[in-house]
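Q: I have a structure I would like to understand better, so I am pasting it below and will then ask my questions one at a time.
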Amino acid sequence: MEGEARERVGLTLLRRHLCVVLLAFSFCAAGLPFAAPPSAAAPGAPRVSDIRAWTNEIYTRVAIDTGEEVSWQANALRADPARGLPPRIFIDIRGAGIRDAILRKPVEVRNGLLRQVRAGRFDRDTVRVVIDLERESAYRVFALPEPFRIIVDIDGEGEIPVPPASPDPAAPPGPVAATPPPGDPTALPSAIDPPAAPPAASHGPAAQPRRRLVRVMIDPGHGGKDPGAIGPTGLKEKDVVLAIGRRVRERLSRSGEFDVRMTRDEDVFIPLEERTAMANKGGVDIFVSLHINASRNRKAEGFSTYVLSRGASNREDLELAARENGVPVGKLQGVKFIIDDMFTGARKNESLRLAKTVNDAVVRHVSTRYPGAQSLGLKQAPFYVLVGARMTAVLVEASFISNAREESRLRDPSCLDGIADGVAEAVRYYGQNGILAHSDF
Ligand SMILES: [Zn+2]
């Protein structure tokens with residue numbers, strides 16, 4: 001039954017995710033169909049309200065905020081030297097408007113990978129967001145709901161092998177791209193900048209420093225307007241995980257082996273996609289997202305640690321992921337995202353290994369203070385905060401705040417110490433025996 005449910009989730013995701021791409025330019029043989037819902041430009045229609053970018057020279061994530069679900073299509077164009085145009089990725093959004101300020105002001109990036117992100121009205125019914133690249137790069141596009149935003153991840157060198165550009169005439173850049181109308185905003189001369197200097201020759205991984213501290217990003221979940229789960233006596237998940245996160249940082253920093261960062265060190269709201277982007281941008285090696293579980297079953301208890309997967313193996317895990325993602329379960333099953341094997345797959349085994357180590361160590365350390373602490377073990381579910389993470393990435397659900405006994409434990413600093421001791425010990429072990437075995441540190 002569980003296997004069947006997983007299969008169904010997987011199929012639904014696959015079927016609905018035709019609009020999601022992971023493409024190098026030379027793979028870009030055809031345009032992709034517009035995703036549901038059908039186009040409907042109407043008063044009060046969704047609009048592109050913001051374009052955000054997190055960036056460094058090897059990775060850029062661009063988020064296009066529309067607030068409400070829109071139909072969209074992604075495609076790419078090779079450079080057109082005759083017209084002075086760089087390689088471009090563009091996203092056409094149907095039935096949407098756009099905030100005037102975005103029309104007037106492109107988002108400047110200029111990091112050696114991207115030049116800028118700009119937007120215009122492609123036709124009466126379509127907004128086109130154009131990402132001007134410095135060079136052809138592998139990219140992928142997916143959407144996250146509530147609030148709806150389209151995410152574009154673009155890779156620099158070193159992460160994904162980009163096949164050499166081929167002049168193969170049998171591989172046109174797609175229907176929209178093949179016949180750009182005169183008004184095509186990707187060709188707006190006003191938006192074209194003088195050719196940028198070529199990327200510095202030192203961008204390749206071989207030229208990067210070979211010795212550096214292992215970078216760890218600790219991600220205390222929720223924060224600010226998002227309290228996370230709340231216990232029977234009012235304890236908030238966001239406060240507990242921040243307290244744990246600070247303890248983990250303190251323990252790892254003490255050893256001198258780690259460069260420890262936190263996605264938040266105060267009570268602030270940070271979107272899920274920004275957390276992952278912070279880790280990717282920072283070239284982080286290990287990402288640990290900290291959460292506390294909750295269940296309608298007040299007796300549910302125990303510790304579990306998750307890695308990303310397309311679906312969940314049971315209803316409880318699916319409900320958990322939906323809650324952590326801030327979406328209803330139905331939305332989670334229909335969401336347009338993919339977990340591609342090029343990124344996550346390469347790190348999946350490492351993540352599984354770290355997750356098991358973390359969970360065992362946390363339970364062991366908490367058990368010394370609270371005998372009988374339960375382990376629910378290593379699990380998998382579709383957590384948005386892990387989607388697109390380029391490093392070993394796990395999500396800890398450190399007991400159930402909905403369980404009165406576990407909630408009261410979480411008020412005890414020595415329990416938080418135990419959880420932090422476990423996470424830090426596992427990360428140290430992994431850092432010494434995992435990454436180091438595969439790298440040239
Ligand atoms: Zn949470």
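Q: Test each condition in (1) surrounded by fewer than 16 Cβ atoms within 10 Å (Cβ to Cβ); (2) touching a strand residue (DSSP E or B) at 6+ places or on another chain (Cβ under 7 Å); (3) in a helix (DSSP H, G or I) for GLY377 and report the one that comes out false.
A: All conditions are met except number (3).
Q: Is there any pair linking a residue in the stretch 221-237 that is touching a residue at least 60 places away in the same chain (Cβ under 8 Å) and within 10 Å of the ligand (Cβ to nearest atom) to one that is open to solvent by 70 Å² or more (accessible area, probe 1.4 Å) and part of a loop (DSSP other than H, G, I, E, B), with Cβ under 6 Å and at least six apart or on different chains, and which?
A: ASP226/PHE269
Q: Would you mind finding the one in LEU332, LEU352 that is within 16 Å of the ligand (Cβ to nearest atom) and either at pLDDT below 75 or outside any loop (DSSP other than H, G, I, E, B) (or both)?
A: After applying the criteria, what remains is LEU332.
Q: Would a scan of the stretch 255-265 turn up a residue that is small (Gly, Ala, Ser), open to solvent by 30 Å² or more (accessible area, probe 1.4 Å), over 13 Å from the mean Cα position of the chain (by Cα) and away from the ligand (no atom under 13 Å from the Cβ)? Even if it seems obvious, please write down each step before you answer.
A: Initially, the stretch 255-265 is screened for residues small (Gly, Ala, Ser), giving 255-256.
The next check asks that each one be open to solvent by 30 Å² or more (accessible area, probe 1.4 Å); those that pass are 255-256.
Then keep just the ones that are over 13 Å from the mean Cα position of the chain (by Cα); that gives 255-256.
With the extra rule that they be away from the ligand (no atom under 13 Å from the Cβ), the set shrinks to 255-256.
Looking through the stretch 255-265, at least one residue is small (Gly, Ala, Ser), open to solvent by 30 Å² or more (accessible area, probe 1.4 Å), over 13 Å from the mean Cα position of the chain (by Cα) and away from the ligand (no atom under 13 Å from the Cβ).
Q: In the stretch 245-254, which residue that is touching a helix residue (DSSP H, G or I) at 6+ places or on another chain (Cβ under 6 Å) and within 18 Å of VAL394 (Cα to Cα) is farthest from the ligand (Cβ to nearest atom)? Don't jump to the end; show me each part of the working.
A: So in the stretch 245-254, the residues touching a helix residue (DSSP H, G or I) at 6+ places or on another chain (Cβ under 6 Å) come out as 247-248, 251-252.
Remaining after also requiring within 18 Å of VAL394 (Cα to Cα): 247-248, 252.
Numbers: ARG247: 17, VAL248: 16, LEU252: 21 Å.
Out of the qualifying residues, it is LEU252.
Q: For the structure I just gave you, tell me whether LEU242 is among the aliphatic types (A, V, I, L, M) and within 13 Å of the ligand (Cβ to nearest atom).
A: Numbers: among the aliphatic types (A, V, I, L, M): yes; within 13 Å of the ligand (Cβ to nearest atom): yes.
Here the answer is yes, as LEU242 does meet what is asked.
Q: Also, I was wondering about something else. Out of everything in the stretch 85-135 that is out of contact with any strand residue (DSSP E or B) (no Cβ under 8 Å at 6 or more places or on another chain) and farther than 16 Å from PRO46 by Cβ, what residue ends up being surrounded by the most Cβ atoms within 10 Å (Cβ to Cβ)?
A: Our first condition is that a residue be out of contact with any strand residue (DSSP E or B) (no Cβ under 8 Å at 6 or more places or on another chain); within the stretch 85-135, this holds for 100-101, 104-105, 112, 123-124, 135.
Add one more test, that the residue is farther than 16 Å from PRO46 by Cβ, and what stays is 101, 104-105, 112, 123, 135.
Details: ALA101: 9, ARG104: 9, LYS105: 12, GLY112: 21, ASP123: 13, ARG135: 18.
Ranking the qualifying residues of the stretch 85-135, first place goes to GLY112.
Q: Now for a different question. Answer with yes or no whether SER408 is part of a loop (DSSP other than H, G, I, E, B) and either touching a Phe, Trp or Tyr at 6+ places or on another chain (Cβ under 8 Å) or surrounded by fewer than 24 Cβ atoms within 10 Å (Cβ to Cβ) (or both).
A: Values: part of a loop (DSSP other than H, G, I, E, B): no; either touching a Phe, Trp or Tyr at 6+ places or on another chain (Cβ under 8 Å) or surrounded by fewer than 24 Cβ atoms within 10 Å (Cβ to Cβ) (or both): yes.
When the stated conditions are applied, SER408 does not pass them.
Q: Something else: Out of the residues in the stretch 391-423 that are under 20 Å from ASP360 (Cβ atoms) and of a type in the set (Ser, Thr, Tyr), state the one that is farthest from the ligand (Cβ to nearest atom).
A: The selected residue is SER414.
Q: Of all residues in the stretch 48-96, how many are part of a loop (DSSP other than H, G, I, E, B) and of a type in the set (S, T, N, Q)? Give the derivation first.
A: Within the stretch 48-96, the subset part of a loop (DSSP other than H, G, I, E, B) is 49, 57-58, 68-70, 78-79, 84, 86-87, 95-96.
With the extra rule that they be of a type in the set (S, T, N, Q), the set shrinks to 49.
Of the residues in the stretch 48-96, 1 are part of a loop (DSSP other than H, G, I, E, B) and of a type in the set (S, T, N, Q).
The values are calculated or read from the model by the stated rules, or taken from the named source; none is laboratory data. What you see is a predicted model; the values in this text were computed from it and never measured. Cβ: placed from backbone, ideal geometry, glycine included. Neighbour counts: every protein chain shown. For accessibility, only protein heavy atoms count, side chains too; no ligands or nucleic acids. Shrake-Rupley method; radii C 1.70, N 1.55, O 1.52, S 1.80 Å.
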